[in-house]
Amino acid sequence: MQPRSIAPTPQRILSLATLLLGLWISNLANAADPCRLLVTDAENGWPVPLVKLETTHHVAFFTDSAGVVAFDLPELLGRETWLSVTSDGYEVDADGFGFRGVRITPESGKTLEIKINRKSIAKRLGRLTGGGLFAESQKCGEHLDWTESGVLGSDSVQNSVHRGKMFWAWGDTNVPHYPLGLFHMTSATSELRPLVKLEPPLELALEYFRDDRGRVRNVAEMSGDGPTWISGYVSLPAADGEPRMVGCYAKIRGFLEAYRHGLCVWDDNSENFESVKILWEKDQAGADKNPPPLPVGHPIFWTDSEGEEWLLFGDPFPTLKMRPTFEAWSDPSQWQELAPDKAVQTVDGKRIEAHRGSVAWNEWRKRWVTVFGQIGGQPSQLGEIWYAEADSPLGPWGPAIKVLSHQSHTFYNPRLHPEFTSTDSPILLFEGTYTNTFTRKPVPPATPRYDYNQILYRLDLDDPALTTAATK
């Protein structure tokens, strides 16, 4: 006998829908709210971003820009739980077995504070780029008004003040819709002093240049294969009275091989960089094996002891100088080569080789200051960051003090931000690119959301730990 069919009458459909809705509402009611874990600096109470909390069965959480983790593991809510605590530059005290962590009992809807001790001189303020800056907080009902940019990763920043705005540019950029992302510089603008406060949590409002679909777009699509990278980003006065924002670009192929260098200028109408002159082409007949000195790095405006004004380029220390005009920048015959010493003596008398970094005048110190990375540092290969001072941007620099260290991850291309503070402020800010790329083997796992992004740090120049840097 065949079973009798049941016709899907409107009444039966309505009853089924009502049943499913009831089950859904019941599941929502039974779903546990996360326990809000707030990690703070024991010294000042500030939230600490980029702290890893890991359970004994290896479920890892990372604090967001507000120092928050939304702890939602159903198997541990209401149970006494051990969390290992690790963070470059910060730590908790070790117990009798050498374990560094805390024992908590997470409960749904509650907030538990975890205090951590800062060991580095630099204070971590938070991530500036990427997605989910407040993802953990939003799970707890906070920072719900934060707007996502559509950018997930940004490599190595360049900045310039141009036409009353702060212009930002980044190299290779990760986006949600495809793994390969954008490789011809992305860019944004902000107010000249975009940070309301200089402690976490940070909210940096960036206005990205976007395409007609609203997606962040490239701004420097130069001809030729491979990515386009721009350095030496600066706005200069021109003879016609109009400022020109300029840069020196490189075309990249293979494994980080630059095969072309040229000069480019920002078009205020199209809002793109345009190539204006090729300086060197590796494959061109008769070309030198290596490129000539280039206007790259983070430019510095300098008045020498004779009252002459100059524009300096270098990464970190000046290797080129010229008059601070668009016309001088456009004419390589007016460039003068410099030969800085890339080795710097540390406070304990060692000599270290500088990688890349940034130089700026500091009114509070009444000296030139620099923050730079170290080639082949310990424990991280490209993650050790040093601070030094000099009477001249041409050096000599030192003695240098290590202000930030990483156990394994890379933190490269640091950039000072003297523009973000008043001239009489003892606060000095710098950012850099945090990633697991270029690390020594074994390569550490990528840190969710933080990897391949810009992180901002703060130095308090009145900190006694920096006193020896003032030794002349």
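The values are calculated or read from the model by the stated rules, or taken from the named source; none is laboratory data. All values derive from a computational prediction rather than experimental measurement. With ideal geometry, Cβ positions are generated from the backbone for all residues, glycine too; neighbour counts draw on all protein chains shown. Ligands, DNA and RNA are stripped out before the accessible areas are found, and what is left, the full protein with its side chains, is counted by its heavy atoms. Shrake-Rupley method; radii C 1.70, N 1.55, O 1.52, S 1.80 Å.
Of the residues examined, residue 326 is not one that is open to solvent by less than 10 Å² (accessible area, probe 1.4 Å) and either modelled with pLDDT of 95 or more or aromatic (Phe, Trp, Tyr) (or both).
Taking the numbered list (1) crowded, with 20+ Cβ neighbours inside 10 Å; (2) polar (S, T, N, Q); (3) not in a strand (DSSP E or B) in turn, residue 437 passes all entries but (1).
For the range 369-384, filtered to residues that are of a type outside the set (Val, Ile, Thr) and touching a Gly at 6+ places or on another chain (Cβ under 9 Å), the residue that is surrounded by the fewest Cβ atoms within 10 Å (Cβ to Cβ) is 377. Counting only strands (runs of 3 or more DSSP E) that fall entirely inside the range 34-100 and contain at least 2 residues that are modelled with pLDDT of 95 or more and open to solvent by less than 20 Å² (accessible area, probe 1.4 Å), the qualifying elements are 35-41, 68-71, 81-86. Checked against the criteria, residue 304 does not count as over 30 Å from residue 390 (Cα atoms) and either out of contact with any strand residue (DSSP E or B) (no Cβ under 8 Å at 6 or more places or on another chain) or open to solvent by 20 Å² or more (accessible area, probe 1.4 Å) (or both).
When each of 180, 202 is tested for being open to solvent by 10 Å² or more (accessible area, probe 1.4 Å), under 25 Å from residue 135 (Cα atoms) and either without any contact (Cβ under 8 Å) to a residue 40 or more places away in the chain or outside any strand (DSSP E or B) (or both), the lone residue that passes is 180.
Checked against the criterion of being open to solvent by less than 20 Å² (accessible area, probe 1.4 Å), more than 30 Å from residue 426 (Cβ to Cβ), part of a loop (DSSP other than H, G, I, E, B) and in contact with an Asp or Glu (Cβ under 9 Å, 6 or more places away or on another chain), the candidates 109, 131, 141 yield just one match: 131.
Here residue 392 does not qualify as open to solvent by 20 Å² or more (accessible area, probe 1.4 Å), part of a loop (DSSP other than H, G, I, E, B) and either without any contact (Cβ under 8 Å) to a residue 24 or more places away in the chain or within 18 Å of residue 120 (Cβ to Cβ) (or both).
In the range 144-173, the qualifying residues are those that are of a type in the set (Val, Ile, Thr) and outside any strand (DSSP E or B), and the one that is surrounded by the fewest Cβ atoms within 10 Å (Cβ to Cβ) is 147. Set side by side, the residues 234, 196 differ, and just one is buried (at least 20 other Cβ atoms within 10 Å of the Cβ) and of a type in the set (Val, Ile, Thr), which is 234. Checked against (1) under 30 Å from residue 41 (Cβ atoms); (2) open to solvent by 20 Å² or more (accessible area, probe 1.4 Å); (3) aromatic (Phe, Trp, Tyr); (4) assigned to a strand (DSSP E or B), residue 229 meets all criteria but (1). Within the range 139-159, residues that are closer than 30 Å to residue 228 by Cα have Cβ atoms under 9 Å from residues that are among the β-branched types (Val, Ile, Thr) and assigned to a loop (DSSP other than H, G, I, E, B) in these pairs: 149/129; 151/129; 152/129; 153/129; 154/129; 157/129, counting only partners at least 6 apart in sequence or on another chain.
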